[in-house]
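Here the structure comes first, spelled out in structure tokens, and everything after it is commentary.
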Amino acid sequence: MTPSNESGRISQEALLSLWRAYKESGDTSARDRLVFSLAPIVKCIVYRKVREIPSHRDVDDFISCGLEALIRSLDRYDPEKGATLEQFAWTRIHGAVLDE
């Protein structure tokens, strides 16, 4: 079980611990837990932008794009640069959704 705070979200410390497990050993189950824990960020970003999405585009395409950006962000994250994993992922996902 992964520690979470009062709102049910996983703590930053737990996210970082999972990320380290993934980066150090390539543990795909740790990566999968990270993706599932951070996936709500993708939906949040996409549904905030849904008003700006042309009607002929499918929202699911943007969610897929955001999930791909989330997975890529796990490989590019560097905690030494000062941002939390959640902040870094948010920025990368938001940029990918805008580009899409």
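For the residues V46, V59, the requirement of being aliphatic (A, V, I, L, M), surrounded by 14 or more Cβ atoms within 10 Å (Cβ to Cβ) and closer than 11 Å to V97 by Cβ singles out V46.
On inspection, T91 passes the criterion of being touching a Ser or Thr at 6+ places or on another chain (Cβ under 9 Å) and surrounded by fewer than 16 Cβ atoms within 10 Å (Cβ to Cβ).
Consider segment 1-15 and keep the residues that are at pLDDT 50 or above and touching a helix residue (DSSP H, G or I) at 6+ places or on another chain (Cβ under 6 Å). The one that is surrounded by the most Cβ atoms within 10 Å (Cβ to Cβ) is L15. Selection of segment 72-83 for residues being in contact (Cβ under 8 Å) with a residue 40 or more places away in the chain and either loosely packed, with under 14 Cβ neighbours inside 10 Å or more than 22 Å from L18 (Cα to Cα) (or both) yields only P79. Scanning segment 16-49 for residues that are charged (D, E, K, R), modelled with pLDDT under 90 and within 17 Å of L74 (Cβ to Cβ) gives a single hit, D27.
When restricted to residues that are touching a residue at least 12 places away in the same chain (Cβ under 8 Å) and open to solvent by less than 60 Å² (accessible area, probe 1.4 Å), segment 27-43 contains 8.
The values are calculated or read from the model by the stated rules, or taken from the named source; none is laboratory data. Computed from a predicted structure; not experimentally measured. Here the Cβ is made from the backbone with ideal geometry for all residues, glycine too, and neighbour counts use every protein chain on show. Just the protein is used for accessible areas: all its heavy atoms, side chains included, with ligands, DNA and RNA removed. Shrake-Rupley method; radii C 1.70, N 1.55, O 1.52, S 1.80 Å.
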